[in-house]
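None of the figures in this text is laboratory data; all of them are computed from the coordinates on show. In this text the structure is predicted, and so the values were computed from the model without any measurement. In this analysis, Cβ positions are derived from the backbone assuming ideal geometry, glycine residues included, and neighbour counts consider all displayed protein chains.
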Amino acid sequence: MEDRADAAASPGLMRTVAALKHRNFRLFWSGQLISLMGTWMQNMAQGWLVLQLTNSPFLLGLVSAVQFLPLLLFSLVAGVAADRTPKRLMLLATQGGSLILALILGLLTLFNVVRYWHVVILAGLLGTINAFDTPTRQSFVIELVGKKDLMNAIVLNSSAFNAARVIGPALAGLAIGKLGMATCFLLNAASFLAVIAGLLLMNVPDVAYDRPEETMVWKKIGEGLHYIWKTPIILSTITLTALLSTFSMNFSVLIPVLARNTLGRQAEGYGYLMSALGIGALAGSLVLALLSHRGPQRGLLLSGSIGLCVFQLFLSLNRSYPLALLFLGLMGWSMITFVSTVNTTLQLNVPDNLRGRVMSVYSLVFLGVTPLGSLFSGSIAHIGGAPAGLAAGALVGLLSLAVVMFWEWRQRRAGKDA
């Protein structure tokens, strides 16, 4: 009986980690797991540093806006670069640049000479690097695993991201209290070495799928945008992502203000709040890994977006620290369900030669709109506190979801009538 149970359990376990059978993906995934812990440590420490330097939710939102503004400006060009450049070589350059910037911020903080304008400039430079890194990294995954294991690879990447989201902020909260904020920045700089080592050890052909001499860059961008416009499932998915990213996912601005000003917590308590978001997202990504063999499902995308907004609304009405941890965990679960399903839906519905450009638009609407969202949430939090910012984002998100669902219903009805 036990042998039969083990045999039945084994296929389910193998489906959960199917993408890890690919050596190149194992190198990529393990390097990302280490590096992302450092990234989350830096994200948390940077937000706390800005609050200490300025005591202003608006200026915290401004730093976030500056960091993500390059994604808004350069994502489309970066998508063409991702199609025209061997992706492994591009990632080696972007990861090396990120290492240098984290090292500079760490040294400035260590020697107690850091100023607000230093953080702003370094955030802008990091955002410029990320504008090229993000679409390249997103579209590189399919080259490591193929289409069959793509959703599993995306979900496993999400698992690594959210495991890091759990561990990184918790470590950062402890490190800030005992060793200072500079430790977080310096450890992040060191963590990029894991990604660089993995990229160097990979055995992948350094080829580009698009020939540079074929057409002008702007025409290439136009081809990608035209494909999105003419493909309803991609258009509606990207539109919903843009709206929720702008109004409902501004955690880097609102959670530190919620922790300090509403819940009366210091760095350690803030770290646990961010870790709760990560625990929920990690749990959600593990469930998605079990379901990944079924491919992306529209129901998961919609339920994830509804859950994100509803639990955020509950969080805005709450003043209890334990309940805040619970609501953030549920928000994390909902968010990862939505984001992973969006990512897979896009990648499985686009041809290879357009993948970089379509994923650059995804990067633009998922991360590039952050300047708008950060200023939106930061301004509301500056006037009415973090609860007001959370409530506004949740309500606008629910309205956005209703509009997109109505548009999809109209499209389906028009198709039947035709």
TM-like helix rule applied to the chain (DSSP H, alpha carbon span at least 24 Å on the long axis, mean Kyte-Doolittle at least 1.0) gives 57-84, 87-110, 150-178, 181-201, 267-291, 298-317, 321-348
Largest first and to the nearest Å, give the Cα extent of the range 80-126 along each principal axis.
42, 16, 5
extent check for the range 335-410: Cα max minus min per principal axis, descending, whole Å, gives 47, 28, 20
Can you give the extra length, in nm with one decimal, that the chain gains between residue 197 and residue 395 once fully stretched, where that is 0.36 nm per residue apart less the Cα-Cα distance?
66.9 nm
In the chain, what is the volume of the convex hull around the alpha carbon atoms, normalised per residue and reported in Å³?
150 Å³
State the extension gain, in nm to one decimal, for the chain segment bounded by residue 321 and residue 290, taking 0.36 nm per residue of separation less the distance between their alpha-carbons.
8.0 nm
Expressed in nanometres to one decimal, the distance between label points 7 Å along Cα→Cβ at residue 353 and residue 409 is 4.0 nm
At residue 93 and residue 178, where each label point lies 7 Å from the Cα along Cα→Cβ, what is the point-to-point distance in nanometres?
4.1 nm
On full extension of the chain, what length is gained from residue 55 through residue 116, given 0.36 nm per residue of separation minus the C-alpha to C-alpha distance?
20.8 nm
Relative packing of 158-170, 264-276, which averages over residues the other C-beta atoms within 10 Å, highest first
158-170, 264-276
Can you give the FRET efficiency to the nearest 0.05 for residue 223 and residue 30, using r as the Cβ-Cβ distance and R₀ = 41 Å?
0.70
For the range 19-115, what is the per residue volume of the convex hull drawn over the alpha-carbon atoms, in cubic angstrom?
127 Å³
On the first, second and third principal axes, largest extent first, how far apart are the outermost C-alpha atoms of the range 146-279 in Å?
56, 39, 31
Convex hull over the Cα atoms of the range 259-391, averaged projected area in nm²?
8.8 nm²
Spread of Cα-to-Cα distances over 10 Å intervals beginning at zero, given as percent, for the range 87-230
9, 29, 34, 19, 8, 1
